[in-house]
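In what follows, a single structure is set out as structure tokens and then discussed.
Computed from the coordinates by the stated procedures, all read-outs in this text should not be read as laboratory data. These numbers were taken from a predicted model, which means no experiment stands behind them. We place every Cβ from the backbone using ideal geometry, glycine too, and count neighbours over all the protein chains shown.
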Amino acid sequence: MRLRIHGGVGEKGRTCIGIEHGGTRLLLDVGVDTSARGGAYHPAITRAELERTDAIIVTHAHEDHVAALGWCLANGFAGRILMSAESASETDATLAAYATPEERKLARQAPVEIITHGSDFAIGPIAIRTGRSGHVVGGIWCHLSADGRSLGYCGDVVPDSPVFATDALPPCDLLLIDASYGPDRIPAVERGAAIKRWLAVHPQGAVLPTPLSGRSVELIGLIDTPIAIHPSMRAALAQQIAASTWLKPGAADTLSARFAEALLWEEGQPLPAAALLVDDGMGLAGPSKAALAQAHRERHPVLLTGGIPKGSPADHMLAAGEAEWLRFPTHPTLPENIAIAAASGAGRILAHSCDAATAALLAKEIPGLVTGLKPSDVIEV
């Protein structure tokens, strides 16, 4: 097998990994870089390459993994599209925020083949296995093998989520780890406790911009002070909480009880005395755009808990001292990535979702991690 980087390695965002073997060509994820509108926003892949691609496998429906799907269709891709049923149901909302109307229309019209996690299948000569990633409802990792060689792609993964179930990735020769958090060593329990303490001393409430899938559900399970959401999030969150096969035992009951207590907030209303969860993109899209603008005008507290796109409203507010940042662990910490790499037995490791400087730092801690990679580079598995 041959791996070709189209995005997300040596940079943050637009994750897209090409796999070639025996005349078959696949793409693992097709994301955008929300910090690069007008620049390197889409994967670094040509129309000719897209026309020769047999299939796209999507690990989950966050913008840096799926928002270029319609763009691929508009630029020559005509192959198979595979993802979980949950990711398929969430993709349109992601494209509504991060794709053009025409790209969104093309993606809505394209047939999607549903992946059931844990079920093996093949595309051409490439055998594929998937499992639950622990990152979001419907989120999967992928294990690909052919001619005695294998590749593991974590997608975005959380080894020990308090809410989402995670399956162990099989051993492989080459592994792509989720390096979104770089050298961060602070464990989930400590981060969660810090967020709860922060909210406790802000009884007037706060705006928490958060992705609609994944972290929103985790925060509902974590926060023990009042919670509010935007009405547009209600159906999607209810669907995620009901997806018990993707959750840890007992998590659905806890989440359902907290979700039933959530207040509703809409644009034009006063910001509530609650932790207001609003999606998406740190003020770039969705109800978070209006909520952060109102928080800025009214000097209302803002707590950021995830990655902050450069140039986003959240980025500006953080720089101006109008927001605080306590990153909630919805990606692996460095000790977790060390353990994932060791368990895989892989001789070579690639780090996705981080820039080259971060990969160089991780290489000091993770044996076999290859540095200096960038889009267009090719590696033999």
Of all DSSP beta bridges in the chain, antiparallel share, percent nearest 5: 50
Computed magnitude of the charge dipole of the range 33-94 (debye, nearest 20; Cβ of K, R +1, Cβ of D, E -1): 240
For ALA275, residues with placed amide H under 5 Å, excluding near neighbours: ALA206, ILE227, ALA228
GluC sites (Glu not before Pro) restricted to the range 1-64 and DSSP loop, no more than 11 other C-beta within 10 Å: none
Total charge dipole magnitude, the chain, about the Cα centre, Cβ charges on Lys, Arg, Asp, Glu only, Debye to nearest 20: 240
Within the range 188-325, percent of DSSP bridges classed antiparallel, to nearest 5: 0
Using alpha-carbon coordinates, inclination of helix 85-98 to the longest axis of the chain, degrees: 70
Over the range 317-381: Rg over Rh, Cα atoms, Kirkwood Rh: 1.08
Note, ³J(HN,Hα) from phi for the range 292-303, Karplus 6.51, -1.76, 1.60, rounded to Hz, x at Gly and Pro: 5, 4, 5, 4, 4, 5, 9, 6, 8, x, 10, 10
Ranking of HIS42, HIS62 by count of other Cβ atoms within 10 Å, fewest first: HIS42, HIS62
3J(HN,Hα) from dihedral phi, the range 267-276, Karplus parametrisation 6.51/-1.76/1.60, rounded to Hz, x for glycine, proline: 3, x, 8, x, 5, x, 7, 7, 6, 8
Proximal charge balance of GLY138 [Cβ under 11 Å; K/R count +1, D/E count -1]: -1
Lysine pairs with alpha-carbon atoms under 27 Å apart, the chain, spacing 8 or more or separate chains: 13
Size of electric dipole in the range 188-325: Cβ of Lys, Arg +1 and of Asp, Glu -1, about Cα centre, debye, nearest 20: 140
Using a Förster distance of 35 Å, the FRET efficiency for THR254-ALA320 (Cβ separation, nearest 0.05): 0.45
For Rg and Dmax of the Cα atoms in Å, calculated from these coordinates, the label among (i) 19.8, 61; (ii) 23.8, 83; (iii) 21.3, 60: (i)
For THR94, THR24, order by how many other beta-carbon atoms lie within 10 Å, fewest first: THR24, THR94
Cα pair distances in the range 188-325, grouped into 10 Å bins until the bin that holds the longest one, percent each: 12, 46, 35, 7, 0
Sequence-separation-based contact order of the range 188-325, relative, with Cα cut under 8 Å and 6+ spacing, percent: 31
Amide N of the range 159-185 lying under 14 Å from the label point, which is placed 7 angstrom from the Cα of ALA342 along Cα→Cβ: none
Normalised contact order of the range 294-340, rounded percent, pairs of Cα under 8 Å and 6 or more residues apart: 37
Amide H partners (placed H, <5 Å) of THR15, local residues excluded: GLY31, VAL32
